[in-house]
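Here, each number is a calculation from the coordinates, and none is a lab measurement. Model, not experiment: these values are computed from the prediction. Cβ placement follows ideal geometry from the backbone for every residue including glycine, while neighbour counts extend to all protein chains displayed.
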Amino acid sequence: MIVTVRNDWTLAEVKALFALPFMDLVFTAQTVHRRFQEPNTVQISTLLSIKTGACPEDCAYCPQSVRFDTGLESQALLEVEEVAARALAAKQSGATRFCMGAAYRSPKPKDLRKVLAMIRAVKSLGMETCATLGMVTAEQALDLKQAGLDYYNHNLDTSPRYYEQIISTRTYQDRLDTLQAVRDAGMNVCCGGIVGMGEEPEDRAELLHILATLPVHPDSVPINQLVRVAGTPLENAQALDPFDFVRTIGVARILMPRCHVRLSAGRSEMSDELQALCFLAGANSIFYGEKLLTTGNPDTEHDQTLFRRLQIVAEGAPAHQGVAVAATGHASHAESNAATA
Ligand code: SAM
Ligand code: DTB
Ligand code: SF4
């Protein structure tokens, strides 16, 4: 099998991957995974909500929108020292990347200055830095890059068609513009979406098609399963067939062989076996720590046990630290654009 990194996938090809028999899809995804990624290795990110709630946007999935009564307590932008202390604790428990999330439509200049100080503080701990602050301009993206921001997370969330039913306060094009500003500033792009919002299978295919035909594939692709939060318009969304979640991971892996596919929100509702299937289908990144932004995530002890049971090691962490529990004995990432299996 010839495996090449491509940006010219057609929607028909993406749909054909989704239509593969489940075992064929997982087998193909794992084969691609092993050509481009370190097997048995998962990258560990920790999330911190640095500004919580009272967001003016109307994203129908989100507990932080000011428009929905979810009982969430708002929290103003944290102090730099507190963020640095939380990052240090995350590092000590095995995380290599620290992601700071803020419930903004887009950051105001005064707030951005404080976030830049947070980025410098986290970077000085030797961690990779990531932020998700809503829309940013080209100038703001350059400021973030200069402060030492490695990754910027901004999701497309779903297909353009279904997006219209989920968010009205910013357009799909706004999101693409932010991604371009981030790319142009030289930062790594972290961009994915949410599944289980009541979308059709075609919407999942279209989302992945758009991600896989961006000028450059995102470096990280978070695949979130909707966390159905009471008080949001999607609180009663129908649960997705777990195999369709795995299919989404597998197709993302095949389309974007070099990226980190992150098994993101929704792990608290997944069995260990389902998570293992996601890793088999090519997921190689997770959020680690007992909270995502405002909702729960598995206990760290539980994740450590899961990693030990699956002999998964944390990317970039020495074996004695936290979740790094075994050695893989495998060579480094495949480096060429095309590999033959
Ligand atoms: N406010 C910024 C923005 O929207 O770009 C950054 C924070 S926002 C919470 C980051 C991402 O979290 C969203 O784009 C969405 O993909 C994801 N998210 C939010 N609520 C979620 C939920 N209930 N379930 C799954 N993912 C969710
Ligand atoms: C992403 O794609 N998922 C994370 C991160 N990027 C910022 C956020 C998930 C949020 C889940 C709902 C919550 O905890 O508020
Ligand atoms: Fe605000 Fe981001 Fe939540 Fe949308 S997803 S309501 S922009 S915090």
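Worth a mention:
- In the chain, helical runs assigned H by DSSP with n ≥ 4 each contribute -39500 (n - 2.57); averaged across all residues and rounded to the nearest 500, the mean residue ellipticity at 222 nm is -11500 deg cm²/dmol.
- Near LYS15: Cβ cut-off under 13 Å, other residues only, Lys/Arg at +1 and Asp/Glu at -1. The net charge is -3.
- Here the chain carries DSSP beta bridges of which approximately 15% are antiparallel, counting only pairs with both residues inside.
- Per-peptide average of other Cβ atoms within 10 Å, ordering 224-231, 282-289, 162-169 highest first: 282-289, 224-231, 162-169
- Taking the convex hull of Cα positions in segment 33-166, its mean projected area over all directions (nm²): 10.3
- nm² value of the averaged projected area, convex hull over the Cα atoms of the chain: 15.6
- Computed from point charges on the beta carbon alone (+1 for Lys and Arg, -1 for Asp and Glu), the dipole magnitude for the chain about its Cα centre is near 740 Debye.
- Among the cysteines of the chain, those with no neighbouring cysteine Cβ under 4.7 Å are CYS55, CYS190, CYS191, CYS259, CYS278.
- Highest to lowest packing among 17-25, 152-160, scored as the average C-beta count within 10 Å: 152-160, 17-25
- Positive-end residue of CYS278, THR158, ASN188, charge dipole of the chain with Cβ unit charges: ASN188
- The local environment of VAL227, defined by Cβ-Cβ distances under 13 Å, has a net charge of +1 under the rule Lys, Arg +1 and Asp, Glu -1.
- Within segment 120-261, the proportion of Cα pairs with more than 23 Å between them is 37 percent.
- Packing-based order for 86-99, 108-121, 175-188, using average beta carbon neighbours within 10 Å, highest first: 86-99, 175-188, 108-121
- Across the chain, Cα pairs under 8 Å and at least six residues apart give a relative contact order of 27 percent.
- C-alpha center-to-center spacing [segment 39-90, segment 237-307] in angstrom: 19
- In segment 11-337, taking the dipole from charged Cβ atoms about the Cα centre, the farthest positive-side position among LEU179, ALA230, GLY94 is held by GLY94.
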